[in-house]
Amino acid sequence: MNQRMLVTLCCLLLAWTMAAQQRTETLLEKNWRFTKGDVADAMKPEFDDTKWETVTVPHDWAIYGPFDRNNDLQNVAVTQNLETAASVKTGRTGGLPYVGVGWYRTTFEAPAGKQVSLVFDGAMSEARVYVNGQEACFWPCGYNSFHCDVTPYIYKDGQPNVLAVRLENRPQSSRWYPGAGLYRNVRVVATEAVHVPVWGTQLTTPHVAADYASVCLKTTVEGAGQQDVRIVTEILSPEGQVVAVKDNTMKINHGKPFEQNFLVDKPQLWSPETPYLYKASSKIYVDGRQVDEYVTRFGIRSIKLVADKGFFLNGKHRKFQGVCNHHDLGPLGAAINVAALRRQLTLLKDMGCDAIRTSHNMPAPELVQLCDEMGFMMMLEPFDEWDIAKCENGYHRFFNEWAEKDMVNMLRQYRNNPSVVMWSIGNEVPTQCSPEGYKVASFLQDICHREDPTRPVTCGMDQVSCVLGNGFAAMLDVPGFNYRTHRYVEAYGQLPQNLVLGSETASTVSSRGVYKFPAELKKHAMYDDHQSSGYDLEACSWSNVPDEDFALADDYDWTLGQFVWTGFDYLGEPSPYDTDAWPSHSSVFGIIDLASLPKDRYYLYRSLWNKRDNTLHVLPHWTWPGREGENTPVFVYTSYPEAELFVNGKSYGKQRKLDAKTALSLKEKDALWLQRRYRLMWMDVPYEAGELKVVAYDKDGRPAEEKIVRTAGKPHHLEVVADRMQLTADGKDLAYITVRVVDKDGNLCPADNRLVTFSVKGAGTYRAAANGDATCLDLFHLPRMHAFSGQLTAIVQSGLLEGDLIFEAKAKGLRTGKLILKVAP
Ligand code: GAL
């Protein structure tokens with residue numbers, strides 16, 4: 001290399017380092033100090049926190065329990081569950097100790113002369129943020145991301161700055177487990193004086209077609225005063241190629257964002273099936289010097305609603321095959337973890353789910369990013385209450401002052417994410433029945449339209465008579481109904497939009513591996529064991545079983561599809577055991593249980609929603625000592641039209657899914673007439689031990705696939721199967737290990753609930769376990785857990801070093817299960 005080349009290289013390197021330093025983003029993860037309870041002076045820089053616990057953020061202080069029926073005991077009438085008199089509610093918020101004050105402290109470096117902001121992805125709740133002893137900001141809503149400019153409080157001499165955060169959760173502030181603490185990421189963003197602020201761009205794709213798309217980027221630049229600002233933006237394709245460039249200078253600072261427009265030829269369109277992502281990479285210059293670089297990730301896609309016809313993505317009609325999810329990650333609590341989110345989305349993807357409603361709050365940014373990448377459409381929903389209370393200490397206390405600020409943060413943070421296709425302004429808010437409630441709805445909808453003119457707005461409404469009568473439903477872009485399937489047709493007929501969205505559906509209840517006899521449709525069924533039947537025929541008094549929602553989607557063009565309550569079981573809200581029913585403390589609404597194990601219902605949805613793979617699933621299990629000769633109905637959830645059932649070789653005949661008309665003709669004589677469109681059911685099968693076999697036939701009547709379930713013998717060993725055999729050595733990656741009690745031939749022992757203990761050695765640690773039993777009080781973070789219906793899930797976490805992670809599961813009387821996972825850079 002000659003000297004000139006060397007000098008050029010050095011200059012380039014220097015320029016690169018300087019550019020790299022213009023904007024720094026630092027995650028504050030390690031070495032936080034934490035204490036539960038209020039502490040005077042804890043905000044002061046000199047406060048001695050050495051006796052506090054050392055924790056890593058994201059951190060959920062309440063998930064370590066212990067469970068107790070007195071934790072957040074609520075004596076209320078849940079009016080949305082049609083209750084009129086108050087009664088004691090145990091476990092409503094998970095029976096975990098989330099109530100109270102918690103303090104966190106850490107230090108951070110901030111380069112001298114920079115603009116410094118702190119960004120909190122969410123802090124539960126009523127966060128008061130202090131920097132070097134001074135209160136820098138307050139944000140009451142525990143789910144929303146917020147940022148504060150802390151530049152005035154930063155030490156000028158370069159010494160570490162002290163950050164202290166006080167959080168407070170009031171009793172009766174939630175209808176589910178909210179989590180507690182700094183449960184999402186915290187970062188320090190340092191920029192030059194002239195910079196793009198947090199969430200400072202707005203990107204839209206006004207024209208989307210196969211031959212070209214137009215892209216409009218609006219960039220806010222702060223701190224430039226009257227100086228000229230030059231922005232050079234490159235549009236990068238999913239493969240990283242520059243496909244468009246604009247170089248513009250803003251001569252007059254008129255206070256508006258800086259606008260650049262681009263054309264992208266033959267765009268690769270974003271959809272759940274093709275989640276292509278582009279980037280707009282902008283360099284900002286003042287006086288010829290680069291002062292900032294800001295990257296906006298986006299997708300090119302179009303969305304459209306057509307009255308009477310429904311929702312179109314990129315010009316193609318589709319119905320939402322969505323689920324609602326609360327934010328907790330089961331045994332990990334509310335503390336965010338990308339691997340755990342990815343695991344959830346992987347399961348949902350395989351089911352054929354293509355949409356998520358973040359009920360009833362703002363999501364973690366990692367979830368939205370993953371939905372962009374993995375291909376899920378999203379409905380983001382900020383509120384469960386407005387100005388009228390659902391919970392004594394709920395968000396209504398803040399609504400009037402904070403609603404607009406909360407909306408603006410959510411809208412600005414996520415309006416560039418292609419996965420987000422709709423905003424919801426609330427869930428079953430009591431305000432829907434106020435004569436002037438539509439004004440509040442209109443206020444919130446207008447904020448959405450102002451901040452993001454590209455997406456429609458809905459609201460989850462459950463009081464159909466109110467909202468049809470008082471104008472509330474008519475003024476929304478999209479009328480969203482929660483349950484009340486029997487009123488869809490009427491609502492469609494009355495409303496000007498000529499569309500109805502199932503903003504929340506089903507709330508079918510079931511416990512994995514538990515079956516109740518006889519198998520029949522029931523509302524609010526309760527049993528001594530506090531479980532619900534796995535035949536998927538039970539729902540709450542206000543809700544319904546999945547078949548009703550399938551039929552509405554199939555039979556009426558104007559239905560937009562649905563968001564099932566819920567994809568995953570969550571902590572809290574243990575309906576139907578939601579009154580004084582301790583130890584029930586987590587939900588049974590999930591298609592997938594709290595241990596991330598699919599219930600039978602998973603395959604019912606999969607059989608209709610997953611258009612790529614075939615589904616053939618048979619239930620119940622076939623180990624029923626004592627039920628010999630008793631009627632034990634067999635259900636098959638399958639994508640095939642027809643199947644035949646055999647017990648120990650004896651045929652019980654073929655069943656075929658019925659078309660709508662034939663099913664309806666059975667209405668008078670068969671309670672399960674509607675189910676016969678979507679499930680294959682043999683109602684009269686006397687149980688005998690042995691082999692249950694189902695042979696599925698394709699549309700031409702040819703045998704296509706078979707499934708066998710055998711009666712289990714004596715429990716023999718623990719089978720352990722990990723969802724992934726290799727983890728990244730980042731100290732955060734997770735593997736979910738299914739532990740199953742099986743007989744010597746590997747058949748699941750479906751009634752075995754024995755205690756299992758775990759050990760993890762080598763390149764990782766034990767993180768948590770769960771079994772999906774809503775009544776089980778085993779603590780998630782301890783390395784022991786009872787099996788439930790023969791199964792449980794243990795979660796292990798990678799360390800920072802590569803090597804082998806050795807996992808063992810032991811239980812009395814069984815051969816140990818052992819697995820070796822690789823942890824690699
Ligand atoms: C709905 C509500 C959800 C959940 C669900 C249980 O009314 O929107 O948050 O409570 O009922 O069925």
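Worth a mention:
- L680 long-range amide H proximity, modeled H, under 5 Å: V636, T638
- Entries in K251/K279; K522/K812; K279/K316; K693/K761; K650/K714 that, when Cα-Cα distance is taken, lie over 31 Å: K522/K812; K693/K761
- In the chain the longest region clear of trypsin sites (Lys or Arg not before Pro) that are loop-assigned by DSSP and have at most 11 other C-beta atoms within 10 Å covers 252-610.
- The stretch 31-180, Rg to Rh (Cα coordinates; Rh as Kirkwood inverse mean 1/r): 1.06
- For the stretch 573-650, the spread of Cα positions along each principal axis, largest first, Å: 46, 40, 18
- Kirkwood-type radius of the stretch 167-208, with distances r between different C-alpha atoms, in Å: 15.2 Å
- Long-range amide H partners of C324 with built H, under 5 Å: R357, V564, W565, G567
- Candidates per GluC sites (Glu not before Pro) in the stretch 648-724, loop by DSSP, up to 12 other Cβ within 10 Å: E668
- Here the convex hull built on the C-alpha positions of the stretch 274-377 has a volume of 157 cubic angstrom per residue.
- Karplus-derived 3J(HN,Hα) values for the stretch 497-502, using 6.51 cos²θ - 1.76 cosθ + 1.60 with θ = phi - 60°, are 6, 6, 8, 9, 9, x Hz; glycine and proline are entered as x.
- Scattering profile of the stretch 507-621 at q = 0.11, 0.12, 0.13 Å⁻¹ [log10 I(q)/I(0), Debye over alpha-carbon scatterers]: -0.36, -0.42, -0.49
- Semi-axes of the equivalent ellipsoid for the stretch 397-456, computed as √(5λ) from the eigenvalues of its C-alpha gyration tensor and ordered from largest down, come to 21, 13, 10 Å.
- Amide H contacts of A581: T90, each under 5 Å away and 5 or more positions distant or on a separate chain (H built 1.01 Å from N in the peptide plane; Pro and chain starts excluded).
- Loop-located chymotrypsin sites (Phe, Trp or Tyr not before Pro) in the stretch 629-702 (DSSP state other than H, G, I, E, B) with a sparse environment of at most 13 neighbouring Cβ atoms within 10 Å are absent.
- Here the average projected area of the convex hull drawn through the C-alpha atoms of the stretch 127-184 stands at 4.6 nm².
- Across the stretch 535-548, computed HN-Hα scalar couplings (Karplus, 6.51 cos²θ - 1.76 cosθ + 1.60, θ = phi - 60°) run 6, 6, 10, 10, 9, 7, 5, 8, 10, 8, 8, x, 4, 5 Hz from first to last residue, x flagging Gly and Pro.
- Cross-link partners of K309 among lysines, defined as those whose alpha carbon lies under 20 angstrom from its own and excluding same-chain residues fewer than eight positions apart: K319.
- In the distance distribution for the stretch 484-568, Cα-Cα pairs more than 20 Å apart total 40 percent.
- For the chain, the calculated P(r), taken from all Cα-Cα distances in 10 Å bins from zero up to the bin holding the longest distance, is 2, 12, 21, 25, 21, 12, 5, 2, 0, 0 percent.
- In order along the stretch 434-444, phi translates into HN-Hα couplings of 6, x, 9, x, 4, 5, 5, 4, 5, 4, 6 Hz, rounded to whole numbers, per the Karplus curve 6.51 cos²θ - 1.76 cosθ + 1.60 with θ = phi - 60° and x for Gly and Pro.
- Annotation: the antiparallel percentage among DSSP beta bridges lying fully within the chain is about 80.
- In the calculated pair-distance distribution of the stretch 287-345, the portion above 18 angstrom amounts to 67 percent of the Cα-Cα pairs.
Only the coordinates and a few stated rules stand behind these numbers; no lab work does. This structure is a prediction, so every number in the text was calculated from the model and none was measured. No Cβ is skipped: glycine too gets one built from the backbone with ideal geometry, and neighbour counts run over all protein chains shown.
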